[in-house]
Amino acid sequence: MSVKPKTVRLTTAQAIIRYLMAQYINIDGVETRICGGGFGIFGHGNVPCLGEALYAVRDSFPLYRGQNEQGMGFAAAAYAKYHLRQRFMFCTASAGPGTTNLLTSAALAHANRLPVLMLCGDAFVTRLPDPVLQQLEHFGNPTVGVNDAFKAVTRYWDRITHPAQIIQSLPAALATMLDPADCGPAFIALPQDVQGWAFDYPESLFEKRVHRIRRQTPDADEIAAAADALRAAKRPMIIAGGGVQYSRATAELTAFAKAHAIPVVETIAGRANLLADHPLNIGPIGTTGSDSANTIAGQADVILAVGTRLQDFTTGSWTAFAQDAKLVSLNAARHDAGKHLSLPVVGDAKLGLVALGQALGSHRAPAPWVDAAQKERADWDSYVAANVAHGNRPNSYAQAIGVVNALCDPRDRIVTAAGGLPAEVVANWRTLGIGTVDVEFGFSCMGYEIAGGWGARIAQSENEPDRDTIVFVGDGSYLLMNSDIYSAALTGKKLIVLVLDNGGFAVINKLQNNTGNESFNNLIADCPTIPTPFTVDFAAHAAALGADTETVSNPAELAEAFTRARANPRTCVIVMKVDPYEGWTTRGHAWWEVGTPEVSDSKKVRDAHAEWEAGRADQRVGV
């Protein structure tokens, strides 16, 4: 006669928290809880039940109070990125607008393939009190609500209508977030009544479990085919993406490139796969890349893409490569491995690079090809050195980047996103430490910078408490979302934030002008609805949020202020104006497909359209 399993009676909310606290992962020989805690803003849709469950474990399971739900999601994404998708944070929001504020964050995590768990309030499953506060009614389908909007921006979605359902749903959500191929955000809708309903859960559900992230061994035939292609190449090249870091394969990438003398270029997500001074690091590739990487990309006959989804900013909208170049794609995700008729190698980057290296044996790329690539990189380095130098010219993003690059610790973490700063950081930053650069350009989301910096600093403080998290943010993104300066100050998670003020959305103004259009509605000075433009005192604003602040006039003063900020244990904000027109990085750009007017009364617009369309001649059409 079988023994009936022991049970424990818990509410749905209590069971969710107890389950999360029992899930562990082995990282470098140390067992660590997978879920590092959470971010929360309470409302009527989550405070009575989920709040009660979290209060009971407040001393062992940290809950960070957010200022904005979208910022919480950004912070959780940056936390997961720092931990290379091996750990995650949850976000909890109340029903209605609190939850919908997380939609943009979910989309960012989905685009960047980052694990974030969202535990969000929902309407009552009994429907007895309907319609309730903040409920969106669909007259023809009462099962539909605002939480259904998350189906498009999550990898896993569920609505819990009975306490027993979490026995299946939580492990499924966790498996999704830990899967190298399907990794992304998970959303669990929690109706307000169901959160408080109790159930006799099997005690075994809450036993400590140590998880592993799957490493899929590539198929032997795919490895052999990839090796044949590389062996036959006269001008091979490696594109190293963010997946190299998530696989923890940077050492294998370096060893593979060195053993076979193959030049490496980096994607935006793959920045900091190699140190800047590695002889085979030829620079960043693509629309916001480098002349060195883009030159060899156009000449390469076989391209090994490792851990990259080949986004348009990487491929120059598919103009960066020769029409007859052959692509070999090593990727954990089958969807990515087969893009543009690539020769696919579906599997883990670390295992795949080792297997491919063994298959290649002692084969090395022709020395003249490597020499030519290294000469291109030397030329690019000379350009960057001049570009970041400051002197008798207007302040620029590049100069600010150069100042920080020269003074920061090799293990300091750099965070930026959206606008003009990602391109400037990608082009001008010289990597000092592996895996230290977070340029969010998968979703290119304004507002990620400061909130993401906070999440990154929370993660960094767990492993590298003596290092700094440095945020580059423009005035536009600062105005969109800045409240997590207050979060960082409140929680003692120090940030160094550089606010580079160019008077509006200057990079879009540049695009506007480059497409033949007049400046309009981007720079504050160019808005017809603003009768008397004025600037924001960003230092005073940040000081009101709890930061120590300085305003500087030039890069020399910035260097002094940054040195003081490094020595300061508190969150610091340094403000410097930069020119909206002069000082942009003018080299290193590949073609980028944007929609331009085919018909216009403006000759400038028509001419720009013709010039832009001329770049299409080099575009690979799906192959």
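The values are calculated or read from the model by the stated rules, or taken from the named source; none is laboratory data. Remember, predicted model here, so these are calculated numbers, not experimental data. Here the Cβ is made from the backbone with ideal geometry for all residues, glycine too, and neighbour counts use every protein chain on show. Just so you know, the surface numbers come from the protein's heavy atoms only, side chains and all, with ligands and any DNA or RNA stripped out. Shrake-Rupley method; radii C 1.70, N 1.55, O 1.52, S 1.80 Å.
Report the local net charge at GLN323: Lys and Arg +1, Asp and Glu -1, summed over other residues whose C-beta lies under 9 Å from its C-beta.
Numbers: positive: ARG620; negative: ASP324, ASP618.
Overall, the nearby charge balance is -1.
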Query raised in the report: Any idea what angle helix 448-463 forms with the longest principal axis of the chain, computed on alpha-carbon atoms, 0 to 90 degrees, nearest 10?
Result: 70 degrees
Query raised in the report: Out of LEU480, CYS49, GLY419, whose Cα points farthest toward the positive end of the dipole of the chain (charges: +1 Lys, Arg; -1 Asp, Glu; placed on Cβ)?
Result: CYS49
Query raised in the report: In Å, what Rg and Dmax follow from the Cα atoms of the chain?
Result: 25.3, 88
Query - Per-residue ³J(HN,Hα) for region 546-559, Karplus 6.51 cos²θ - 1.76 cosθ + 1.60, θ = phi - 60°, Hz, x for Gly and Pro - result: x, 8, 7, 10, 9, 10, 10, 9, 7, x, 5, 5, 4, 4
Query raised in the report: Using the beta-carbon distance between LYS258 and ARG214 and R0 = 25 Å, what value does 1/(1 + (r/R0)^6) give for FRET efficiency, to the nearest 0.05?
Result: 0.35
Report task. Give, rounded to the nearest 20 debye, the magnitude of the charge dipole that region 299-413 has about its Cα centre when Lys and Arg contribute +1 at Cβ and Asp and Glu contribute -1 at Cβ. Result -> 220 debye
Query - Taking the convex hull of Cα positions in region 494-623, its mean projected area over all directions (nm²) - result: 12.2 nm²
Report summary line: Expressed as a percent, the portion of alpha-carbon pairs in region 43-128 spaced more than 21 Å apart is 32 percent
Query raised in the report: With every protein chain present, what is the per residue accessible area of region 301-391 (1.4 Å probe, Å²)?
Result: 40 Å²
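Nearest 5 is fine: what % of DSSP beta bridges in region 477-623 come out antiparallel, could you say? All intermediate terms of the calculation are to be shown ahead of the outcome.
Numbers: 1 of 12 bridges.
Bridges in region 477-623 are about 10 percent antiparallel.
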Report summary line: With the dipole of region 448-601 defined by +1 on each Lys or Arg Cβ and -1 on each Asp or Glu Cβ, the option from ASN509, THR571, GLY583 whose Cα lies farthest towards the positive pole is THR571
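For region 384-490, with only Lys/Arg (+1) and Asp/Glu (-1) charged at the beta-carbon, what is the dipole magnitude about the Cα centre, in debye rounded to 20?
Details: 6 positive and 12 negative charges, 60 e Å.
About 300 debye.
Distance check, please: which entries in LYS339/LYS510; LYS375/LYS510; LYS326/LYS350 exceed 24 angstrom between their Cα atoms? Intermediate values should be presented prior to the final figure.
Numbers: LYS339/LYS510 32 Å; LYS375/LYS510 31 Å; LYS326/LYS350 22 Å.
Beyond 24 Å: LYS339/LYS510; LYS375/LYS510.
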Query - Partners for LYS234 among aspartates and glutamates (Cα-Cα distance below 16 Å; same-chain residues under 8 apart left out) - result: ASP301, ASP324, ASP371
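When ligands, DNA and RNA are left out and all protein chains stay put, how many square angstrom of accessible area per residue does region 89-166 have with a 1.4 Å probe?
Counting only protein heavy atoms, the per-residue value for region 89-166 is 41 Å².
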Query raised in the report: Leaving out same-chain residues fewer than 8 places away, which lysines sit with a Cα under 30 Å from that of LYS493?
Result: LYS81, LYS208, LYS577
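If the chain between VAL594 and ILE27 were fully stretched, how many nm would it gain, using 0.36 nm times the residue separation less the Cα-Cα distance?
Details: separation 567, 0.36 × 567 = 204.12 nm, distance 4.25 nm.
Contour length minus Cα-Cα distance gives 199.9 nm.
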Query raised in the report: What is the distance in Å between the Cα centres of region 392-467 and region 514-553?
Result: 21 Å
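Keeping every protein chain present and rolling a 1.4 Å probe, give me the accessible area per residue for region 434-577 in Å². Write out the running numbers ahead of the final one.
Numbers: 5680 Å² over 144 residues.
On a per-residue basis, region 434-577 sits at 39 Å².
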Report summary line: Honestly region 529-606 on the Cα gyration tensor test (a ≥ b ≥ c root eigenvalues; a/c under 1.5 rounded, otherwise a/b vs b/c for prolate or oblate) is just prolate
Requested in this report: Find the centroid of the Cα atoms in region 149-186 and in region 42-106, then give the distance between the two in whole Å.
Outcome: 15 Å
Query raised in the report: Measuring from label point to label point, each 7 Å out along Cα→Cβ, what is the LYS234 to ARG127 span in nm?
Result: 7.0 nm
Query raised in the report: Computed on alpha carbon atoms, what radius of gyration and Dmax characterise region 395-546, expressed in Å?
Result: 16.0, 50
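Where a ≥ b ≥ c are the square roots of the eigenvalues of the C-alpha gyration tensor, would you call region 339-454 rounded, which needs a/c under 1.5, or, failing that, prolate if a/b is larger than b/c, or oblate?
On the way: a/c = 2.29, a/b = 1.45, b/c = 1.57.
Oblate, because a/c is 1.5 or more while a/b does not exceed b/c.
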Report task. Measure nothing fancy, just the Cα-based angle from helix 220-232's long axis to the longest principal axis of the chain, in degrees from 0 to 90, nearest 10. Result -> 20 degrees
Query raised in the report: When the Kirkwood radius is taken over all Cα pairs of region 284-344, what Stokes-Einstein diffusion coefficient follows at 37 °C and 0.692 mPa s, in µm²/s?
Result: 285 µm²/s
Query raised in the report: Between ARG334 and GLU203, what is the spin-label point distance in nm, taking each point 7 Å from the Cα along the Cα→C-beta axis?
Result: 4.2 nm
Query raised in the report: Where the centre of each part is set by its Cα atoms, how far does region 320-371 sit from region 1-24, in angstrom?
Result: 46 Å
**Report entry** Amide H contacts of GLY420 (H built 1.01 Å from N, under 5 Å, at least 5 apart or other chain)
**Finding:** VAL507
Requested in this report: Taking a cut-off of 16 Å between Cα atoms, list the aspartates and glutamates near LYS603, but don't count ones fewer than 8 places away on the same chain.
Outcome: GLU518, GLU611, GLU613
Report task. Would you please classify the overall shape of region 1-96 from the alpha carbon gyration tensor, given that a ≥ b ≥ c denote the square roots of the eigenvalues, rounded means a/c under 1.5, and beyond that prolate means a/b larger than b/c while oblate covers the rest? Result -> oblate
Query - Computed magnitude of the charge dipole of the chain (debye, nearest 20; Cβ of K, R +1, Cβ of D, E -1) - result: 1540 debye
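Give the calculated FRET efficiency between GLU613 and TYR55 to the nearest 0.05, with a Förster radius of 51 Å applied to their Cβ-Cβ distance. Intermediate values should be presented prior to the final figure.
Working: r = 60 Å, r/R0 = 1.18.
Computed FRET efficiency for GLU613 and TYR55 comes out at 0.25.
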Report summary line: Given the candidates ALA355, SER461, LEU230, the one whose Cα lies deepest towards the positive end of the charge dipole of the chain, counting +1 at each Lys or Arg C-beta and -1 at each Asp or Glu C-beta, is ALA355
**Report entry** Accessible surface of region 50-137, 1.4 Å probe, proportion on carbon and sulfur as whole %
**Finding:** 51 percent
